[in-house]
Amino acid sequence: MAIEGRDDTHSGRIRLGMVGGGEGAFIGAVHRMAARLDDRYEFVAGALSSTPEKAKRSAAAIGLDPQRSYGSYGEMAEKEKARKDGIQAVAIVTPNHMHFPVAKTFLEAGFHVICDKPMTTTLAEARDLAEIARRSGKAFILTHNYTGYPMIRQARAMVAAGDLGKIRVVVAEYAQDWLAERAEDTGSKQAGWRVDPEKAGAGGAIGDIGTHAHNLACFVIGLKVEKLSADLSTFAPGRKLDDNASMLLRFAGGAKGMLWASQVAVGNENGLTLRVFGEKGGLEWCQEEPNKLWYTPLGQAKRLLTRNGAGAGPAATAVSRIPAGHPEGYLEGFATIYAEAAELIRAAEEGRAPPEGLALPTIEDGIDGLAFIEACVKSSKEDGAWVAL
């Protein structure tokens, strides 16, 4: 992606490896496509499955050099470190419980890390990983991909510019229905680990999609949640983790919020929405129509702002790839994170400060996400008691 105002002239692509993302996985292919989209990376190595045979088959299916298809992430880190043309960064797309040990291994081996969310399964692990990353001097990027959407960048810029005035109310929703029945009983790999506390961590829907809604709200308004009151529910019989969550939020600065995350909301596919209301106006955005942002100044008619269209500012156009009227969405949002990660990695490799204007999620966002999950679980166990993050 040619981002306006930034220097995209550098020699060669970043050599990228991947842990996880083999056959039967969804998100690994998404990461590989996103990394290729702006021609900033070359995918050269992987430990694509915890099963060596499956890792080998997965590598063959996507044309990966069999000599650089590894049976374990430990072997991959060791052998890639010994190569003159070894990877520079690794993408971690495993189930949640593997994020910490894999990230720790690669950071300590001297590689930059791009990790799927949530960063770890516990807040203690997140804090430990942050210290490991600090000592390593390597870049750590968390792929909260929705922050890469052009109209989300537009909304963030408008809030920061004071167009809405002081923020009063924030409403975030993320509604799906794919776990309305016990998909984990059908052999679904995706459902199986996401409802298993040993692999997903303490949060079910709240960890899988609630963290996205929380991160997006904080990203747009530039404020952190200070306290919350949560009610986590499990509607599917026998399921061990929550599949529906609702909560009240109190942000720094006095703003109040509501968040609903559900994977049993029949009729919803991927309904991530955000509404922000301030003293002077309001904004509304829906992920299923990502190129549109509704803006209502106080006392005036509602206005439709579109990507690369009327009302869009540099924050949106800087991360747009194609002309107005052509849809951009999920993959491009991911690709924005990868493009900005490339800027951060290049700066670290060259020993210079990263360019201004990067807005990608970092390890601090990962810590905030785990604090959010643990506060939700604690609050719900205490019958909705207010819990500080």
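The values are calculated or read from the model by the stated rules, or taken from the named source; none is laboratory data. For clarity, every value in this text was computed on a predicted model and none was experimentally measured. A quick note on method: Cβ atoms are made from the backbone with ideal geometry, for glycine too, and the neighbour counts reach across all protein chains shown.
Being basic (Lys, Arg), modelled with pLDDT under 95 and surrounded by 15 or more Cβ atoms within 10 Å (Cβ to Cβ) is true of residue 54.
Scanning region 216-268 for residues that are among the aromatic types (Phe, Trp, Tyr) and touching a strand residue (DSSP E or B) at 6+ places or on another chain (Cβ under 7 Å), we see that the one that is farthest from residue 385 (Cα to Cα) is 235.
If the requirement is being modelled with pLDDT under 95 and part of a helix (DSSP H, G or I), which of these qualifies: 348, 371? Give the derivation first.
Numbers: 371 fails: modelled with pLDDT under 95.
On inspection, the qualifying residue turns out to be 348.
Checking the structure you have, find out if any residue of region 208-225 is surrounded by fewer than 22 Cβ atoms within 10 Å (Cβ to Cβ) and more than 23 Å from residue 145 (Cβ to Cβ). No, the conditions are met nowhere in region 208-225.
Which of the residues that make up region 309-343 are assigned to a helix (DSSP H, G or I) and hydroxyl-bearing (Ser, Thr, Tyr)?
317, 330, 336, 338
Does residue 312 fit the bill of being under 18 Å from residue 160 (Cβ atoms), in the same structural domain as residue 220 (by TED's automatic domain parsing) and modelled with pLDDT of 95 or more? Answer is no for this residue.
Residue-wise test of (1) outside any loop (DSSP other than H, G, I, E, B); (2) over 24 Å from residue 148 (Cβ atoms); (3) in the same structural domain as residue 199 (by TED's automatic domain parsing); (4) not aromatic (Phe, Trp, Tyr).
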{"site": "33", "(1), (2), (3), (4)": "yes, no, no, yes"}
{"site": "43", "(1), (2), (3), (4)": "yes, no, no, no"}
{"site": "54", "(1), (2), (3), (4)": "yes, yes, no, yes"}
{"site": "59", "(1), (2), (3), (4)": "yes, yes, no, yes"}
{"site": "67", "(1), (2), (3), (4)": "yes, yes, no, yes"}
{"site": "76", "(1), (2), (3), (4)": "yes, yes, no, yes"}
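Residues in region 313-327 that are surrounded by 21 or more Cβ atoms within 10 Å (Cβ to Cβ) and under 19 Å from residue 284 (Cβ atoms): 316 only.
Restricted to helices (runs of 4 or more DSSP H) entirely inside region 178-224, those with at least 1 residues that are in the same structural domain as residue 371 (by TED's automatic domain parsing) and modelled with pLDDT under 95 are 189-194.
Among residues of region 336-362 being among the small types (Gly, Ala, Ser) and surrounded by 24 or more Cβ atoms within 10 Å (Cβ to Cβ), the one that is nearest to residue 119 (Cα to Cα) is 341.
Condition check: outside any loop (DSSP other than H, G, I, E, B), out of contact with any helix residue (DSSP H, G or I) (no Cβ under 9 Å at 6 or more places or on another chain) and crowded, with 20+ Cβ neighbours inside 10 Å. Does residue 245 satisfy that? Spelling it out, it is not the case that residue 245 is outside any loop (DSSP other than H, G, I, E, B), out of contact with any helix residue (DSSP H, G or I) (no Cβ under 9 Å at 6 or more places or on another chain) and crowded, with 20+ Cβ neighbours inside 10 Å.
Against the list (1) in contact with a strand residue (DSSP E or B) (Cβ under 6 Å, 6 or more places away or on another chain); (2) surrounded by 24 or more Cβ atoms within 10 Å (Cβ to Cβ); (3) of a type in the set (Lys, Arg), the condition residue 153 fails is (1).
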